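The structure appears right after this line, and notes come after that.
Each reported figure results from applying straightforward, stated rules to the coordinates on display, with no laboratory input. Please read these numbers as outputs of a predicted model, since none were measured by experiment. Neighbour counts are summed over all protein chains in view; Cβ atoms, including those assigned to glycine, are modelled from backbone coordinates with ideal geometry.
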Amino acid sequence: MSATHQPSPLAKLEQKTIYEIIVKGKRIDDRGPSDYRQLTLTLGTVEKANGSAQVYLGKTKVLAGVKVQTGTPFPDTPNEGILTVNAEFVPLAYPTFETGPPDENSIELARVVDRGIRESKAIDLQKLCIDPGKKVFVVFVDVYILDHDGNLIDAAGMAALGALVNAKMQEWELKGGEVRYKDSKIPLPMLNYPVPITTVKVGNSLIVDPCLEEEQVMSCRLTVTTGKDDDVCAMQKGGLGTFTPEEIKQIVSSSIQKSRDLRTKIGSKVN
Amino acid sequence: MDGRRLDELRPLKLEVGVLDKADGSAYIEHGRNKILAAVFGPREAHPKHIALADRAVVRCRYHMAPFSTDERKSPAPSRREQELSKVIRESLEPSIMSEYYPRSTIDLFIEVLQADAGTRCAGITSASLALADAGIPLRELVAGCAAGKIDGRVVLDLSDIEDKKGDADLPIAYMPKSNAIGLLQMDGSLTEDELKQALDMGVGACRTIYEMQKDALRRKYHVEHDEAEKEEIAEVKA
């Protein structure tokens with residue numbers, strides 16, 4: 001059952017100060033309202049994974065790993081490979097992250113990242129079918145939150161994308177119902193590059209890429225994931241506040257722009 | 001696809017106060033969706049440590065019955081249901097004056113008996129009525145409705161068959177008087193213009209549903225005056 005979260009650990013006075021700074025159009029780390037933090041993407045940091053990527057977004061650190069294995073397809077999509085996204089809020093990342101089964105926050109994050117990749121058709125899942133109805137490749141994307149300084153969804157989305165772009169799988173062929181692997185390696189069949197952009201509302205101000213303290217004073221957030229043709233492929237509102245329709249339209253427009261910038265940046269890293 | 005206009009809602013039926021033991025309840029039929037919502041509370045927080053000093057804790061469970069879908073759904077809560085429980089709670093909490101009930105909980109249960117696309121929105125529409133039926137002070141009723149895209153056209157309120165063939169789904173929960181969107185999700189593919197069009201369409205539909213919600217409450221709480229009382233009222237007015 002989903003319950004109201006415990007209050008922010010920030011002192012009321014501290015919250016008030018941060019709130020007042022943001023409402024004046026400034027940020028506690030001197031950024032402008034629409035400035036993204038420094039993004040560093042490192043690909044292939046974990047050699048045993050098929051693909052991996054580490055994202056530093058300010059002080060937020062997220063690692064994503066991709067593993068490709070074989071499995072049976074879902075009955076309603078016998079000709080398609082399977083994508084699964086999972087997120088771990090590792091206890092070493094934040095004082096209140098606990099061990100145990102994933103809580104609603106990590107489920108939400110994983111599902112938002114999953115929707116971005118799935119709905120933008122980032123992976124050509126039909127190319128991951130081995131034997132229709134019997135055997136397909138399963139792409140596991142596991143997102144590891146290592147250090148939590150806010151905006152985990154964007155960092156996780158970009159780490160997942162980086163890991164997929166970085167992933168190499170063994171070239172294969174089907175001979176007599178058996179999968180034979182060749183020596184050469186091929187990249188995953190990528191078709192799109194979805195980038196999530198999160199904006200939060202504090203008072204009546206909208207700020208992009210919130211750091212942890214900003215998230216603790218926000219009323220709500222909106223994540224907009226955009227693919228390469230500027231098509232929006234996933235959105236998620238979170239938090240206890242509300243947006244007006246006008247604010248949402250404004251956020252969508254600015255997110256499409258921001259997503260384009262970051263996609264170029266990630267693209268230059270990959271090629 | 002089922003003969004509706006592009007911006008036409010499926011038939012809706014709302015009923016308030018359908019359960020005996022719950023503090024508040026409501027039943028909705030939205031297209032072929034059949035959903036029950038019940039509210040317990042405000043009641044003492046249990047376990048005690050979850051209580052908040054300055055407001056009530058709102059808890060929400062969205063759940064689908066095993067027989068509600070084409071294929072049997074396992075009764076164990078899926079990741080989807082856990083996510084929806086969270087976003088539904090976040091869409092209704094802004095409407096609840098929870099500050100009046102510190103140290104207590106307000107528990108909200110949404111049971112989908114039959115699913116036909118748009119269950120989260122219909123669930124919100126009914127849950128908001130159940131909250132009102134429980135006598136919990138609300139800033140406003142919350143109405144839910146989805147817009148989407150099918151065959152390249154932006155449409156309102158996709159049914160199950162349409163949703164499976166559709167290109168995009170945009171569920172919205174909205175409070176008309178405060179012009180506030182408490183739930184917004186999207187999956188599929190929409191251009192910026194299509195998205196704005198779908199958003200306006202969904203918000204418009206929420207306004208219509210909001211009026212239906214008010215009617216449902218009036219039907220339940222309308223005081224029947226007998227003839228003698230009516231005469232008395234007429235006399236007083238005269």
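Given the options B:Lys149, B:Lys165, name the one that is under 24 Å from A:Glu246 (Cα atoms) and more than 10 Å from chain A (Cβ to nearest Cβ). Quick ask: steps written out before the conclusion?
On the way: B:Lys165 fails: under 24 Å from A:Glu246 (Cα atoms).
None of the other options fit; the residue is B:Lys149.
This table checks each residue for (1) in contact with a Gly (Cβ under 9 Å, 6 or more places away or on another chain); (2) without any contact (Cβ under 8 Å) to a residue 24 or more places away in the chain; (3) closer than 21 Å to A:Arg111 by Cα; (4) among the basic types (Lys, Arg).
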position: A:Glu173; (1), (2), (3), (4): no, yes, no, no
position: A:Gly176; (1), (2), (3), (4): no, yes, no, no
position: A:Cys211; (1), (2), (3), (4): yes, no, no, no
position: A:Val232; (1), (2), (3), (4): yes, no, yes, no
Select, from A:Val179, A:Val252, A:Val232, the only residue that is among the β-branched types (Val, Ile, Thr) and either under 23 Å from A:Tyr56 (Cβ atoms) or surrounded by fewer than 22 Cβ atoms within 10 Å (Cβ to Cβ) (or both). A:Val179
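Only residues that are exposed (fewer than 13 other Cβ atoms within 10 Å of the Cβ) and away from every other protein chain (no Cβ under 14 Å): list them for the range A:10-22, please.
So the first thing to find is which residues in the range A:10-22 are exposed (fewer than 13 other Cβ atoms within 10 Å of the Cβ), and the list is A:11-13, A:16.
Within the range A:10-22, A:Ala11, A:Leu13, A:Lys16 meet the criteria.
What about A:Ser34, is it closer than 19 Å to A:Val217 by Cβ, small (Gly, Ala, Ser) and touching a strand residue (DSSP E or B) at 6+ places or on another chain (Cβ under 6 Å)? Working first, answer last.
Values: closer than 19 Å to A:Val217 by Cβ: yes; small (Gly, Ala, Ser): yes; touching a strand residue (DSSP E or B) at 6+ places or on another chain (Cβ under 6 Å): yes.
Yes; evaluated as a whole, the condition is true for this residue.
Could you count how many residues in the range B:7-49 are part of a strand (DSSP E or B), touching a residue at least 40 places away in the same chain (Cβ under 8 Å) and charged (D, E, K, R)? Give the steps one after another, and end with the answer.
Let us first name the residues in the range B:7-49 that are part of a strand (DSSP E or B), namely B:12-16, B:24-30, B:33-44.
In the following step, the residues that additionally are touching a residue at least 40 places away in the same chain (Cβ under 8 Å) were identified as B:12, B:14-16, B:24-28, B:30, B:33-44.
Pick out the ones that are also charged (D, E, K, R) and you get B:15, B:34, B:43-44.
Number of matching residues: 4.
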Residues in the range A:214-225 that are over 19 Å from the mean Cα position of the chain (by Cα) and surrounded by fewer than 21 Cβ atoms within 10 Å (Cβ to Cβ): how many? 2
Against the definition (touching a helix residue (DSSP H, G or I) at 6+ places or on another chain (Cβ under 6 Å), buried (at least 17 other Cβ atoms within 10 Å of the Cβ) and within 21 Å of B:Lys13 (Cα to Cα)), how does B:Ala146 come out, yes or no? yes
The one condition in (1) in a helix (DSSP H, G or I); (2) surrounded by 14 or more Cβ atoms within 10 Å (Cβ to Cβ); (3) more than 10 Å from every other protein chain (Cβ to nearest Cβ) that B:Glu99 fails to fulfil: (2)
Could you say which residue among B:Val87, B:Val112 is away from chain A (no Cβ under 13 Å) and outside any loop (DSSP other than H, G, I, E, B)? B:Val112
Restricting the range A:23-55 to residues that are within 29 Å of B:Ser95 (Cα to Cα) and touching a Gly at 6+ places or on another chain (Cβ under 7 Å), which is nearest to the other protein chains (Cβ to nearest Cβ)? A:Val23
Find the residue count for the range A:85-116, including only residues that are more than 9 Å from chain B (Cβ to nearest Cβ), in a helix (DSSP H, G or I) and hydrophobic (A, V, I, L, M, F, W, C). 4
Those residues of the range A:19-32 which are of a type outside the set (D, E, K, R) and closer than 11 Å to A:Ile207 by Cβ, in sequence order: A:Ile21, A:Ile22, A:Val23, A:Gly25, A:Ile28, A:Gly32
Of all residues making up the range B:168-207, the number that are under 20 Å from A:Lys228 (Cα atoms), facing chain A (nearest Cβ under 7 Å) and of a type in the set (A, V, I, L, M): 3
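Does A:Leu125 count as more than 14 Å from chain B (Cβ to nearest Cβ), in contact with a helix residue (DSSP H, G or I) (Cβ under 9 Å, 6 or more places away or on another chain), touching a residue at least 40 places away in the same chain (Cβ under 8 Å) and within 30 Å of A:Leu212 (Cβ to Cβ)? Spell out how you get there, then give the answer.
Numbers: more than 14 Å from chain B (Cβ to nearest Cβ): yes; in contact with a helix residue (DSSP H, G or I) (Cβ under 9 Å, 6 or more places away or on another chain): yes; touching a residue at least 40 places away in the same chain (Cβ under 8 Å): yes; within 30 Å of A:Leu212 (Cβ to Cβ): no.
So A:Leu125 fails the test.
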Look at the range B:48-84 and say how many of its residues are among the β-branched types (Val, Ile, Thr) and more than 8 Å from chain A (Cβ to nearest Cβ). 1
